[in-house]
Amino acid sequence: MLGHEETLSLIALAQKGDDNAKEKLIAENLPLIKSIVKRFNGRLEYDDLMQLGAMGLVKAIANFDVSYGVRFSTYAVPLISGEIKRFLRDDGAVKVSRWAKTLSAKITQYIDEVQKAGKDEPSVDELAEHFAVEPQDIVFAMDTTHYLLSLSEPLGDEDGASLGDKIVGDSSPDESLDTLMLKDCIQNLPERERKIIILRYFRDKTQSEVAKELGVSQVQVSRLESKILKKFKEEIE
């Protein structure tokens, strides 16, 4: 296992074009890629997921800077998961995407009807029972459409950077203002919303795990997360 200083040395060499250093970094970080890929099991072939994860790691190697003040693995996690999410959102199977969007729209409509009737917001299990699908199908449908407002969403600037890239750091000095703005946005969030962002994008927890930790429903976490990320996008555009 590589030590911190050796990792930094290999990154410096890889950024100068040393392919051997890059390959060694990829090999050493395969366990990290595999741990992230597990979250997406069943959505693509395992080998395809691993390849996408490796592409995210290569981006992390190319853009990492020691001045970010975080360990390389911490910086790499959102880039690896973001690469996979981008593919699923933009290039994933059309049938799955359409099914997910249709189900998500039905879920949203049903929740609104339930709340207008003065009842409590239904849980994932209750939604699964109502729509006669598995609970994981409910989560998948909501999470897939949620990618449109995820931290991997491109911001429309010339360098193609994403919201997640800016939060964890950006190698371009021209983007430093956006980075500071996003950090301020996070700091100014109410405690619960700030915790959701930290757990989801810095601790790499699933929405279900966050819901359990906060003592709320999966649906509430999904809605809050979408609202927060939409607000972030509006404030930096």
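Give the residue, chosen from 19, 65, 48, that is touching a Ser or Thr at 6+ places or on another chain (Cβ under 8 Å) and either farther than 17 Å from residue 204 by Cα or of a type in the set (Val, Ile, Thr) (or both). Talk me through it step by step, then tell me what you get.
Details: 19 fails: touching a Ser or Thr at 6+ places or on another chain (Cβ under 8 Å); 48 fails: touching a Ser or Thr at 6+ places or on another chain (Cβ under 8 Å).
When all the criteria are applied, what remains is 65.
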*State the number of residues belonging to the stretch 1-53 that are out of contact with any Lys or Arg (no Cβ under 7 Å at 6 or more places or on another chain), among the small types (Gly, Ala, Ser), part of a helix (DSSP H, G or I) and farther than 30 Å from residue 137 by Cβ.*
4
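At pLDDT 80 or above, assigned to a helix (DSSP H, G or I), within 27 Å of residue 122 (Cβ to Cβ) and open to solvent by less than 60 Å² (accessible area, probe 1.4 Å), is that true of residue 216?
Taking the combined requirement at face value, the residue does not satisfy it.
Name the residue, out of 140, 131, 202, that is at pLDDT 50 or above and crowded, with 19+ Cβ neighbours inside 10 Å. Lay out the reasoning, then the answer.
Numbers: 131 fails: crowded, with 19+ Cβ neighbours inside 10 Å; 202 fails: crowded, with 19+ Cβ neighbours inside 10 Å.
Criteria check complete, one pass: 140.
Among residues belonging to the stretch 14-68 that are of a type in the set (Phe, Trp, Tyr) and surrounded by 18 or more Cβ atoms within 10 Å (Cβ to Cβ), point out the one that is farthest from residue 3 (Cα to Cα). Explain how you work it out, then say what you get.
First, the residues of the stretch 14-68 that are of a type in the set (Phe, Trp, Tyr): 40, 46, 64, 68.
Okay, now just the ones that are also surrounded by 18 or more Cβ atoms within 10 Å (Cβ to Cβ), so 40, 64.
On the way: 40: 29, 64: 16 Å.
Residue satisfying both the conditions and the ranking: 40.
Whether any residue in the stretch 94-110 is more than 21 Å from residue 142 (Cα to Cα) and at pLDDT 85 or above is what I want to check. Before the answer, list the steps.
First pass over the stretch 94-110, keeping only residues more than 21 Å from residue 142 (Cα to Cα): none.
Checked against the condition, which is being more than 21 Å from residue 142 (Cα to Cα) and at pLDDT 85 or above, the stretch 94-110 yields no hits at all.
The values are calculated or read from the model by the stated rules, or taken from the named source; none is laboratory data. Since we're looking at a predicted model, the values are computed, not measured. Note that we place each Cβ from the backbone using ideal geometry, even for glycine, and neighbour counts take in every protein chain shown. Areas reflect the complete protein model, heavy atoms only, side chains present, ligands, DNA and RNA absent. Shrake-Rupley method; radii C 1.70, N 1.55, O 1.52, S 1.80 Å.
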